[in-house]
Amino acid sequence: MIVTLDEMKTYLGIELIDTTYDDFLNQQLSIVNAAIENYCGRKFSPTDYTQTYYRDDTNQVRSPDLYSFHYPLNSVTSITDEDGENYPEYRIQTDTGKVTRENTFIKFSWFTGNRTIIMSYNAGYTTMPPDLQQVVFALVSEAYNKEVNGIDLNFGADIQRVSVAGVMSIDFDYTLQANERGSAFGMILGNWANVCDFYRSERGAIAGKIWENYVA
């Protein structure tokens, strides 16, 4: 999770021993976390993966570089081919997830004579980016404030109310808000999608989704 329950409660000023809204907050954290990961096309928490690279599916058959679908790359457990042969000589670039097959003197193609390459690795943020956490804090706080004040969670999706106590209350429509209608998950992320744009994966754009037969 980008933000834990305890982090969220601390941000809201809720005592950790107070479990009154735990179920609600966990639900909202899961919704926002899923929306961010789907919008960005990647996972953020450190997780172990096994990724299969198929020679026929790459345009870099002779390239010495492989890229992990998830990044930053924390560690590589093993790299083998379809026959189980191990490839121990490589260099990793942690921030981009690039893995280069090389020894002291020369680089080699991963697919020389191989149909598939299988890499097991761990990737994700050991410390979550603060700006990404702020997206979660802001969105879950908004939902929490509605919940504790008895306001429908959908209020504000199309109509927002501005009130001056004892004077007037005005509802205005902002249906055409660009981020909320013009992008996937915009109805959940709203203007915070602009922050998430920095973390969108170009690999997700190519793959279209996290292919289960490529990454497990």
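The values are calculated or read from the model by the stated rules, or taken from the named source; none is laboratory data. What you are looking at is a predicted structure, and each value in this text was computed from that prediction instead of being measured. Glycine gets a Cβ as well: all are built from the backbone with ideal geometry, and neighbour counts include every protein chain shown.
Within the range 98-126, the set of residues being out of contact with any strand residue (DSSP E or B) (no Cβ under 6 Å at 6 or more places or on another chain) and closer than 20 Å to Ser201 by Cα comprises Tyr125, Thr126.
Checked against the criteria, Gly124 counts as surrounded by 14 or more Cβ atoms within 10 Å (Cβ to Cβ), out of contact with any Gly (no Cβ under 8 Å at 6 or more places or on another chain) and at positive phi.
Do we find that Arg115 is over 13 Å from the mean Cα position of the chain (by Cα) and basic (Lys, Arg) in this structure? Can you show your working first?
Values: over 13 Å from the mean Cα position of the chain (by Cα): yes; basic (Lys, Arg): yes.
Spelling it out, Arg115 is indeed over 13 Å from the mean Cα position of the chain (by Cα) and basic (Lys, Arg).
Name the residue, out of Arg42, Arg55, Arg62, that is over 18 Å from the mean Cα position of the chain (by Cα), basic (Lys, Arg), modelled with pLDDT under 90 and surrounded by 14 or more Cβ atoms within 10 Å (Cβ to Cβ). Break it down stepwise before answering.
On the way: Arg42 fails: over 18 Å from the mean Cα position of the chain (by Cα); Arg62 fails: surrounded by 14 or more Cβ atoms within 10 Å (Cβ to Cβ).
Selected residue: Arg55, the only one of Arg42, Arg55, Arg62 that is over 18 Å from the mean Cα position of the chain (by Cα), basic (Lys, Arg), modelled with pLDDT under 90 and surrounded by 14 or more Cβ atoms within 10 Å (Cβ to Cβ).
The residues in the range 81-107 that are surrounded by 16 or more Cβ atoms within 10 Å (Cβ to Cβ) and not charged (D, E, K, R) can be counted, and the count is 6. The requirement of being modelled with pLDDT under 80, within 28 Å of Glu7 (Cβ to Cβ) and not assigned by TED's automatic domain parsing to the domain that holds Phe69 is fulfilled nowhere in the range 129-143; no residue meets it.
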